[in-house]
Amino acid sequence: MAGGKQKLTARAAAATKPGRRCDGAELYLDVAPSVARKWVYRFSFAGKVTEAGRGFECGSAGAEKTMSGTRASATQAEEGR
C-alpha cells in the first residue's frame, strides 16, 4: 500500500458516512448521500485521471482483484502491448 494508508475494516466500511475514504493505493470507498456504497479505483491513463467502479457487495478483496486487473490492463495499454 502506498503512503502507509490503512485498509478499511468491514465494520468501518459499513459505518462510513457520505464521502470518499481511501483504502490504500488508489482504491476508495465512495458513499453517496443516499448511503449507497461502491468501491472506486482511481488511476491515471493516457495522462487523464480515470475511475473504475465496483459494487460494495464484492467487499474490499473483490475490489482489490478488480483494481489489480484494471491496473495491469492500463499498464499494458500505455506500453503499447
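So the values come out like this:
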read-out: Subset of the stretch 26-62 (residues that are at pLDDT below 75 and surrounded by 17 or more Cβ atoms within 10 Å (Cβ to Cβ)); value: Arg54, Phe56, Ser60
read-out: Members of the stretch 1-18 that are at pLDDT below 70, assigned to a helix (DSSP H, G or I) and hydrophobic (A, V, I, L, M, F, W, C); value: Ala2
read-out: Whichever residue in the stretch 19-47 is part of a loop (DSSP other than H, G, I, E, B) and within 13 Å of Glu64 (Cα to Cα) and, among such residues, is nearest to the chain's Cα centre (by Cα); value: Glu26
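The values are calculated or read from the model by the stated rules, or taken from the named source; none is laboratory data. Remember, predicted model here, so these are calculated numbers, not experimental data. Cβ atoms come from the backbone with ideal geometry, glycine included; neighbour counts cover every protein chain shown.
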